[in-house]
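The values are calculated or read from the model by the stated rules, or taken from the named source; none is laboratory data. None of the values given here were measured: they were computed from a predicted structure. Note: ideal-geometry Cβ built from the backbone for every residue, glycine included; neighbour counts use all protein chains shown. All accessible areas refer to the heavy atoms of the entire protein, side chains included, with ligands and DNA or RNA removed. Shrake-Rupley method; radii C 1.70, N 1.55, O 1.52, S 1.80 Å.
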Amino acid sequence: MIIYFSATGNNKYLAQRISTEDEEIISITKCMKENRLNISVPEGESLGIIIPTYFWGLPSIVEDFLFRVTINFDNKSYAYAIASYGTTTGNALGKIKHYLKRKNITLNAQFEVKMPDTWTVLFDLSDEDEVNILTKNVEEELDAIIPRIINKETTPTGTNIFYKFSSIFSGLMYENSRKTKHLHVLDSCTGCKLCSLDCPVDAIYIADNKPVWTKDKCVMCLRCLHRCPTFSIQYDDKTANHGQYTNKNVTNFD
């Protein structure tokens, strides 16, 4: 079984590539929306958790899910975690280990995959050639990681003391950055409602044919920005020139 969170398709693609033919892939977004917080991993089957790194830690929806979920898992089986990242995974994998430990699940291995970083407040994804180079590297990394998972290879888990402490400060930065007051909509918006339908935490509704953010904070996954057909959703004045990105191998985003 693989449990994942994906905003623009990256981590769903990792889950699809890594999963075996009959293995169930579970979306954290769907679990939270459907209040599915009791999960049983079939006897003898591995447990994989695949997430993106946000501010050297976990997306708020992932943290909330891992805190609340009950996972029925035979601890004699194999559990692994994968974090995608743009610059570093920081303490993301350490946090997954922490939450699993609280559920009496031992994390046997952890892996990292460098992918296009969709935090376009900082990162410029407007050059398609550069994005394609990163995407090619993803395939090479997966080709190396998948046999290790199949063979149930163990690795050191957790993170070092530097990232544990620095994640406190990066977490405070995330809390400020995920305030929805940073988001606004341009006049080019057509009122298609995709952003409202797409939002992992239902933080958007449509009023007068325009999106309105109903919560003070959201995950700030930027799915609304990247999936907007007219690129009408922006984060302050920092994203307009940095392009949009969704994983081309994924069509159903959840």
| Over the chain, what relative contact order in percent results from Cα pairs under 8 Å that are six or more residues apart? | 22
| request: Using amide H atoms built 1.01 Å from N in the peptide plane, name the residues 5+ places from S84, or on other chains, whose amide H lies under 5 Å from its own. | output: I51, T53, V113
| Three-way shape call for the stretch 1-150 based on the alpha-carbon gyration tensor, with the a/c threshold at 1.5 | prolate
| query | Which value in Å does the Kirkwood hydrodynamic radius of the stretch 1-74 take, with 1/r averaged over all unlike C-alpha pairs and then inverted? | reply | 12.7
| Percent of accessible area on the stretch 123-200 owned by carbon and sulfur, 1.4 Å probe? | 59
| note | Over the chain, with neighbouring protein chains present, the accessible area per residue in Å² at probe 1.4 Å is 48
| field | Packing-based ranking, highest mean first, of 115-124, 91-100, 186-195, 240-249 given that Cβ atoms within 10 Å are counted | value | 91-100, 115-124, 240-249, 186-195
| query | Cβ under 13 Å from Y174's Cβ, Y174 left aside: what net charge do those residues give with Lys, Arg +1 and Asp, Glu -1? | reply | +2
| If you count, for each residue, the other Cβ atoms within 10 Å and average over each peptide, how do 39-46, 104-111 line up from highest to lowest? | 104-111, 39-46
| task | Quick one: check the C-alpha center-to-center distance for the stretch 73-118 versus the stretch 196-254, whole angstrom. | result | 26
| query | For the chain, what is the convex hull volume of its Cα atoms per residue in Å³? | reply | 124
| Among D208, D64, D74: highest mean-square fluctuation, GNM of the chain, C-alpha pairs under 10 Å | D208
| remark: Within the chain, the percent of DSSP beta bridges that are antiparallel, given to the nearest 5, stands at 30
| remark: Net charge near T214 (other residues with Cβ under 15 Å of its Cβ; Lys, Arg +1; Asp, Glu -1) is +3
| Pairs from K164/K217; K95/K248; K97/K152; K95/K238 whose Cα-Cα separation, in the structure shown, is over 20 Å | K164/K217; K95/K248; K95/K238
| By its C-alpha gyration tensor, with a ≥ b ≥ c as the square roots of the eigenvalues, how is the stretch 91-183 shaped: rounded for a/c under 1.5, else prolate for a/b larger than b/c, else oblate? | oblate
| Where does the stretch 167-235 land on the Kirkwood hydrodynamic radius, alpha-carbon pairs, in angstrom? | 12.3
